[in-house]
Amino acid sequence: MFDKKEYRKNYYLKNRDKVLAKSKEWYQGNKEHKAAYDLEYYKNNKERVDERSRKYRNDHPEISLECLRRARAKFPEKDRARHILNYQIEKGEITKSCSCIIEGCDRTDLHGHHNDYNKPLEVDWVCAKHHHEIHTL
């Protein structure tokens, strides 16, 4: 009996470079399509994707830490602003708002959004959803 899965596996192993090159070529020509697909998949499978990400971070802490280090090195002004704000919150000098500043939103999972990282104590308190939307505009 013909085993399609086994055939694909063997083909990939024999032609790995060719398969990867073709995959990369497709991705380069379909970035928008892929991004839309990924977003739709995430919307439909949020818990599953988040759980998989959480498990990966727990299983590979050294990789997660390296990603964090790279982000901090790439955007030191963001890291500095975040650190100063969190320190002031811990000291009690600044208090979080009770709700999102977006009209009609009553969510309480608030993030401090910096419009200017050079002014770390000036933040807009927005919910996680709207904070993500602000950064994707």
inquiry  = Condition first: over 23 Å from the mean Cα position of the chain (by Cα) and among the hydrophobic types (A, V, I, L, M, F, W, C). Can you find one or more residues in region 88-97 that meet it?
reply    = yes
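Just give me the residues in region 95-137 being of a type in the set (A, V, I, L, M, F, W, C) and touching a Gly at 6+ places or on another chain (Cβ under 9 Å), in sequence order.
Val123, Trp125, Val126 - these are the residues of region 95-137 that are of a type in the set (A, V, I, L, M, F, W, C) and touching a Gly at 6+ places or on another chain (Cβ under 9 Å).
Would you confirm whether any residue within region 87-98 is among the charged types (D, E, K, R), in a helix (DSSP H, G or I) and in contact (Cβ under 8 Å) with a residue 40 or more places away in the chain?
Checked against the condition, which is being among the charged types (D, E, K, R), in a helix (DSSP H, G or I) and in contact (Cβ under 8 Å) with a residue 40 or more places away in the chain, region 87-98 yields no hits at all.
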task = Please determine, by comparing only the residues of region 53-64 that are surrounded by 11 or more Cβ atoms within 10 Å (Cβ to Cβ) and in a helix (DSSP H, G or I), which one is nearest to the chain's Cα centre (by Cα).
result = Ser53
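Looking only at region 108-125, count how many residues are assigned to a loop (DSSP other than H, G, I, E, B), in contact with a strand residue (DSSP E or B) (Cβ under 8 Å, 6 or more places away or on another chain) and either surrounded by fewer than 17 Cβ atoms within 10 Å (Cβ to Cβ) or of a type in the set (Phe, Trp, Tyr) (or both).
Going through region 108-125 one residue at a time, the tally reaches 4.
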request  = With the condition kept exactly as written, say whether any residue in region 126-135 is at pLDDT below 90 and loosely packed, with under 11 Cβ neighbours inside 10 Å.
outcome  = yes
request  = Could you figure out which of (1) at pLDDT 95 or above; (2) surrounded by 11 or more Cβ atoms within 10 Å (Cβ to Cβ) isn't true of Cys105?
outcome  = (1)
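The values are calculated or read from the model by the stated rules, or taken from the named source; none is laboratory data. Just so it is clear, the structure is predicted and the values come from calculations on it, not from any experiment. Heads up, the Cβs are rebuilt from the backbone with ideal geometry, glycines too, and the neighbour counts pull from every protein chain shown.
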